[in-house]
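Asker: The structure's right below; bear with me while I get my questions together.
Just so you know, all these numbers are worked out from the coordinates, no wet-lab data involved. Not measured: the values here are computed from a predicted model. Neighbour counts run over all protein chains shown; Cβ positions are idealised from the backbone, glycine included.
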């Protein structure tokens with residue numbers, strides 16, 4: 001009888017031990033699974049975060065590259081402007097002061113050397129306070145009594161350097177053939193004169209006593225300026 005009870009108790013103890021062992025094993029498995037799941041989740045999150053960082057980095061580099069390109073273009077553009085300014089000779093024109101129409105006293109006079117050669121001298125006196133240049137060809141239009149305006153072509157001559165100190169004078173000439181027949185079709189009334197390198201003109205009366213123009217206004221020629229002294 002005692003043996004039977006001992007056996008029964010031993011069996012109960014063994015069952016309890018096995019039960020506890022089984023429970024502990026399940027908990028460890030659950031914990032391990034949980035830990036594994038957590039680790040996987042953490043790893044996944046870390047991997048995902050790493051991927052995000054990489055993407056952000058790529059965007060940042062792209063932005064930097066784009067900005068660098070824009071900065072480069074800006075520098076290039078600036079360089080082009082500087083080169084264009086240098087190429088245009090801005091520094092040279094800065095050293096040269098051309099005579100302004102407003103600073104010139106301009107007059108026209110008949111200067112025909114004979115009865116067949118017509119010549120008009122247009123004199124420009126520097127009334128300004130600084131030295132200026134009147135080098136080159138003046139622009140000249142002849143206005144007819146019918147109110148038409150006709151440009152005068154340039155004669156075959158090379159311009160001469162013409163520098164005017166305050167009070168100095170320069171002159172240029174209009175040349176043409178005189179029509180002595182009395183049948184000239186030209187009836188000039190005025191000269192519209194634009195000094196060299198200027199855009200503003202003055203209107204002068206056709207010189208009294210100047211001979212009639214032979215042919216058309218296109219036969220008149222203007223010659224470069226030169227100093228009078």
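Asker: At 0.36 nm per residue, minus the direct Cα-Cα distance, what do residue 98 and residue 208 gain on full extension? Give it in nm, one decimal, please.
Answerer: Roughly 36.6 nm would be gained on extension.
Asker: Separate question: If you take the beta carbon distance between residue 105 and residue 221 as r and set R0 to 25 Å, what does 1/(1 + (r/R0)^6) give as a FRET efficiency, to the nearest 0.05?
Answerer: Computed FRET efficiency for residue 105 and residue 221 comes out at 0.55.
Asker: Taking the Cβ-Cβ separation of residue 185 and residue 127 as r and a Förster radius of 41 Å, what is the calculated FRET efficiency to the nearest 0.05?
Answerer: The value I calculate is 0.65.
Asker: Semi-axes of the equivalent ellipsoid for region 101-227, please: Cα gyration tensor eigenvalues, times 5, square-rooted, ordered largest first, whole Å.
Answerer: Working: eigenvalues 135, 42, 31 Å².
Working through the eigenvalues yields semi-axes of 26, 14, 13 Å.
Asker: Another one. Please work out whether region 95-164 counts as rounded, prolate or oblate from its C-alpha gyration tensor, where a ≥ b ≥ c are the square roots of the eigenvalues and a/c under 1.5 means rounded, while otherwise a/b larger than b/c means prolate and anything else oblate?
Answerer: The shape class here is prolate.
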